[in-house]
1. Tell me, in nm to one decimal, what length is gained between Ser144 and Gln113 on full extension, where the rule is 0.36 nm per residue of separation less the Cα-Cα distance?
2. For the stretch 272-365, which GluC sites (Glu not before Pro) are in a loop by DSSP, counting at most 13 other Cβ atoms within 10 Å?
3. So if R0 is 56 Å, what FRET efficiency would Lys310 and Leu243 give, r being the distance between their Cβ atoms, rounded to the nearest 0.05?
4. Under a point spin-label approximation (7 Å from Cα along Cα-to-Cβ), what is the Ala301-Asp435 distance to one decimal in nm?
5. Taking a threshold of 28 Å on the Cα-Cα distance, which of the pairs Lys310/Lys431; Lys324/Lys431; Lys298/Lys324; Lys298/Lys431; Lys143/Lys179; Lys143/Lys212 fall above it?
6. Given the Cα-Cα distance of Leu405 and Arg63 and 0.36 nm per residue of separation, how much length would full extension add, in nm?
7. List the residues, sorted by chain then number, that are 5 or more residues from Phe203 or on another chain and whose placed amide H is less than 5 Å from its amide H.
8. May I have the extent of the alpha carbons of the stretch 108-256 along their three principal axes, as whole Å values ordered from largest to smallest?
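None of the figures in this text is laboratory data; all of them are computed from the coordinates on show. Nothing here was measured: the structure is a model prediction, and the numbers come from that model. Every residue, glycine among them, receives a Cβ derived from its backbone with ideal geometry; neighbour counts consider all protein chains shown.
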Amino acid sequence: MKLRIAAAAVVAFFIPFVANAAIQDVDALVESVRQEALKEAAHDEERINQFLAKKAEQQALLRKARRDLASQNALADRLRGEYEENELTLTRYEQELRERSGDLNDTFAIVRQAALSAYGVLSNSLVAAEDPTRGPFLFELGKSEAPPSIDDIKRLWTSILTEISESGKVVSFEAVVIKPQGQEATQTVTRAGVFNAVSNGNFLRFLPDSGKLVELSRQPAARFQGMARELEEAESGVVGMALDPSKGAILSLMVLSPDLKERMQLGGSIGYLILVLGLVGVIIVIERAFGLFFTRRKIDAQEGATPNEKNPLGRLQQVAVEMKGHPLDAIGIRLDEQLAEEASLLNRGLATVAVLAAVSPLLGLLGTVTGMIETFQSITLFGTGDPKLMSGGISQALVTTQQGLAVAIPLVLFHSLLTGRVNRLVERLGKSSSDLLTDRELG
């Protein structure tokens with residue numbers, strides 16, 4: 001109880017001091033707020049004064065902007081009126097131009113059409129390799145919508161006449177030539193009209209897109225190249241020259257056409273087999289032709305001479321001499337046996353030629369069947385959209401047939417000739433055998 005009384009006494013002692021401290025803090029806060037309010041009011045008053053000071057300036061800018069807007073609107077109205085007036089004037093002038101031009105529009109259209117037609121011819125001409133400036137002018141004249149002038153028409157006329165004139169001239173000039181390996185070189189080019197261009201004996205082809213000349217990777221025959229060299233070296237007179245009337249189309253196709261070696265390769269293994277058989281047949285034919293030729297000469301030399309065993313007639317005479325004193329039947333039989341043996345020797349190899357002549361077309365037919373099988377396989381796998389996929393089989397089918405016939409026909413012909421020559425020699429030997437037997441009978 002005493003403790004509670006003591007605590008209450010202490011609290012009552014400190015309360016006046018705490019209340020006094022709180023009243024001082026509130027007064028300071030109120031004073032601070034009042035000072036801040038005075039500062040804000042002074043700042044706002046300053047801003048209002050500045051705004052009021054610039055109000056006149058803003059009003060002046062607004063009045064100026066309104067005057068400028070009115071001026072621009074007036075200018076726009078004036079320009080719009082001038083534009084509409086110019087449109088009417090332009091329409092009137094165009095109408096007057098159409099009325100006054102009359103048939104000139106048709107003439108201008110013909111000039112443009114002629115310019116485009118001339119451009120198609122002159123830009124692909126060999127003369128363009130020497131003068132490449134003609135093409136762009138003609139193209140622009142043909143595509144232009146403006147009426148051509150008198151100078152343009154004269155230049156068009158001059159270009160056409162120049163092309164006609166150049167088609168009959170042989171001219172040499174310097175130009176860039178593309179080699180088959182791809183490198184470029186500046187060379188002296190000789191142009192024969194608008195048909196051919198040659199350089200260093202080689203024929204050239206003109207590329208209209210690049211305006212350059214390219215040397216053909218495959219040249220014509222040597223005699224044509226010789227003509228080209230003579231034309232380049234000639235200074236006057238008449239020189240023979242082979243011309244391409246297609247203006248390069250034939251020479252371009254020569255690059256695509258296969259030569260003899262490539263044709264042989266197209267036949268494949270069957271084609272090579274046919275050629276080997278043909279070569280064997282030719283060797284046999286040559287050997288038999290020379291053999292029969294020398295045999296006939298030996299027989300001619302044996303007539304009335306001493307029997308010689310190195311030729312058929314001499315061997316028959318030798319048999320007749322050896323059978324002297326025997327019965328005529330035995331002599332006849334022995335002579336017939338010797339004659340049969342000589343006929344067999346004379347016919348040696350001809351049967352092989354006949355077999356080769358018969359087998360070659362059959363091998364060609366086999367190559368044809370093989371090539372057609374490959375063609376049908378390509379069609380099955382890839383369809384008929386790309387002809388190049390079928391060209392290999394078709395080439396083999398055609399080439400092997402050609403090779404088989406090319407081998408068989410000469411072999412059949414030579415076989416017939418050699419067989420006829422052998423038959424004549426055998427008949428001659430048979431007659432000589434009969435004469436020998438008759439002589440023995442009379443003797």
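1. Numbers: separation 31, 0.36 × 31 = 11.16 nm, distance 1.10 nm.
That pair, Ser144 and Gln113, stretches by 10.1 nm at full extension.
2. Numbers: sites: Glu287, Glu303, Glu309, Glu322, Glu337, Glu341, Glu342; in loops: Glu303, Glu309.
Here the GluC sites (Glu not before Pro) that fit, given the DSSP loop and packing criteria, are Glu303, Glu309.
3. On the way: r = 61 Å, r/R0 = 1.08.
Efficiency for this residue pair is about 0.40.
4. In this crude spin-label approximation the distance works out to 1.8 nm.
5. On the way: Lys310/Lys431 19 Å; Lys324/Lys431 19 Å; Lys298/Lys324 24 Å; Lys298/Lys431 16 Å; Lys143/Lys179 35 Å; Lys143/Lys212 25 Å.
Pairs exceeding 28 Å: Lys143/Lys179.
6. On the way: separation 342, 0.36 × 342 = 123.12 nm, distance 10.86 nm.
Additional length available on full extension: 112.3 nm.
7. Placed amide hydrogens put Leu216 under 5 Å from Phe203.
8. Cα extents, longest axis first: 53, 35, 25 Å.
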